[in-house]
Ligand SMILES: *Cc1c(COP(=O)(O)O)cnc(C)c1O
């Protein structure tokens, strides 16, 4: 048994996955009477879609410089977050270690799956302390969740600290890179071949501007992708999504332009916020949002919503007392926010 298989729950390791019609016959044919579809509605929408999204993955592989077999596509990156927990963690026995504060879906998915979730505080400046993460690991720890750039803090995890975790932990390390397109640092995708337990998550929801389409990417070893494919719903990514995302991928330069615009706007917004007395601190960001510290986040939040402006109140999150998370919008939206804040 390989190291990875040893980490997988026995029921998943031994699973005989559902075999759908589109898996069982692959090849050329002109008469499809195998899947109980209705031939009378318009093609190709009357047919089941490709369960493994091969065309779309080939395009993604080209852009990301990975092999198609290293990609699993999910209904947002939220799907692989849940699947990874279900594949590796035995409820009430295994545990997960994660940095805190971070994206709360990891903790919610752990709770849903009845898996212990250990929140390990970042340093006060939101930097990652690999030593503290590794101290929380025991023989029942299957997964470490890391997020870089992190949500809601906006900062990158320092490379050396991540390497300490990758080298010091024998289980699965999930590196969530939802905001990587906005970052000055390279992705961890390049490390996939070196670390068989590494899973990198990216998404079309942020820089690609496709949040409503619900399409996320998990990149991992062929073996882990195999388990993800066995456990996911066979037709998780519908044909409309496959076609639409594929067409969007033909315009990577447009995404790059959006990123450039949003990064410029982030700097302008940061400068305008810095001149507002209510804003006590603006944390450095490698993402498309700014975390800011205020004297009374609940009060400012409700005054902003009264005026039709919605930001994210993160004041109840660990280490984020008084903090609001502000997404970088258009120049006009950002100005409405800063002009309103000035008048509060
Ligand atoms: C927004 C976000 C995601 C994206 O989730 P999707 O399900 O792909 O929309 C994932 N991780 C983090 C940290 C995020 O902030």
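The values are calculated or read from the model by the stated rules, or taken from the named source; none is laboratory data. Here the structure is a predicted model, which means the values were calculated and not measured. Note: ideal-geometry Cβ built from the backbone for every residue, glycine included; neighbour counts use all protein chains shown.
Across the range 93-113, which residue is farthest from residue 76 (Cα to Cα) among those that are within 13 Å of the ligand (Cβ to nearest atom), in a loop (DSSP other than H, G, I, E, B) and touching a strand residue (DSSP E or B) at 6+ places or on another chain (Cβ under 7 Å)? So the residue we want is 102. For the range 114-126, residues that are crowded, with 17+ Cβ neighbours inside 10 Å and in a loop (DSSP other than H, G, I, E, B) total 3. Would you check if there is a residue in the range 255-267 being part of a loop (DSSP other than H, G, I, E, B) and either surrounded by 15 or more Cβ atoms within 10 Å (Cβ to Cβ) or more than 15 Å from the chain's Cα centre (by Cα) (or both)? Checked against the condition, which is being part of a loop (DSSP other than H, G, I, E, B) and either surrounded by 15 or more Cβ atoms within 10 Å (Cβ to Cβ) or more than 15 Å from the chain's Cα centre (by Cα) (or both), the range 255-267 yields no hits at all.
For residue 96, the conditions (1) closer than 27 Å to residue 130 by Cα; (2) out of contact with any helix residue (DSSP H, G or I) (no Cβ under 9 Å at 6 or more places or on another chain) all hold with the exception of (2).
When residue 72 is tested against (1) within 15 Å of the ligand (Cβ to nearest atom); (2) touching a strand residue (DSSP E or B) at 6+ places or on another chain (Cβ under 7 Å); (3) over 26 Å from residue 26 (Cα atoms), only condition (3) is not met. I need the full set of residues from the range 130-169 which are part of a loop (DSSP other than H, G, I, E, B) and more than 16 Å from the ligand (Cβ to nearest atom), in order please. If the condition is that a residue be part of a loop (DSSP other than H, G, I, E, B) and more than 16 Å from the ligand (Cβ to nearest atom), then 136, 137, 138, 139, 140, 158, 169 are the ones that fit.
Can you go through 313, 298 and tell me which one is under 25 Å from residue 102 (Cβ atoms) and under 25 Å from the mean Cα position of the chain (by Cα)? Within the list 313, 298, the selection yields 313.
Taking each residue of the range 194-214 that is at pLDDT 95 or above and looking for partners that are in a strand (DSSP E or B) and near the ligand (Cβ under 9 Å from one of its atoms) with beta-carbon atoms closer than 6 Å, six or more apart or interchain, yields 201/176; 202/217; 203/216.
Here's the yes/no breakdown for (1) part of a helix (DSSP H, G or I); (2) modelled with pLDDT of 95 or more; (3) within 16 Å of the ligand (Cβ to nearest atom):
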position: 5; (1), (2), (3): yes, yes, no
position: 27; (1), (2), (3): no, no, no
position: 30; (1), (2), (3): no, no, no
position: 37; (1), (2), (3): no, yes, no
position: 41; (1), (2), (3): no, yes, no
position: 48; (1), (2), (3): no, yes, no
position: 55; (1), (2), (3): yes, yes, no
position: 58; (1), (2), (3): yes, yes, no
position: 62; (1), (2), (3): yes, yes, no
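Could you please find all residues in the range 205-224 being touching a strand residue (DSSP E or B) at 6+ places or on another chain (Cβ under 7 Å) and outside any loop (DSSP other than H, G, I, E, B)? Scanning the range 205-224 gives 216, 217, 218, 219, 224. Within the range 188-209, if we keep just the residues that are buried (at least 19 other Cβ atoms within 10 Å of the Cβ) and more than 13 Å from residue 221 (Cβ to Cβ), the residue that is farthest from the ligand (Cβ to nearest atom) turns out to be 188. Quick check on residue 172: is it away from the ligand (no atom under 16 Å from the Cβ), within 20 Å of residue 83 (Cβ to Cβ) and more than 14 Å from the chain's Cα centre (by Cα)? Judged against the criteria, residue 172 is a match. Would it be correct to say that residue 173 is under 13 Å from residue 77 (Cα atoms), in contact (Cβ under 8 Å) with a residue 24 or more places away in the chain and in a strand (DSSP E or B)? No: the conditions fail for residue 173. Across the range 69-83, the qualifying residues are those that are assigned to a helix (DSSP H, G or I) and under 9 Å from the mean Cα position of the chain (by Cα), and the one among them that is farthest from residue 109 (Cα to Cα) is 80. Suppose the filter is touching a residue at least 60 places away in the same chain (Cβ under 8 Å) and within 16 Å of the ligand (Cβ to nearest atom); does residue 178 pass it? So residue 178 fits the description; yes.
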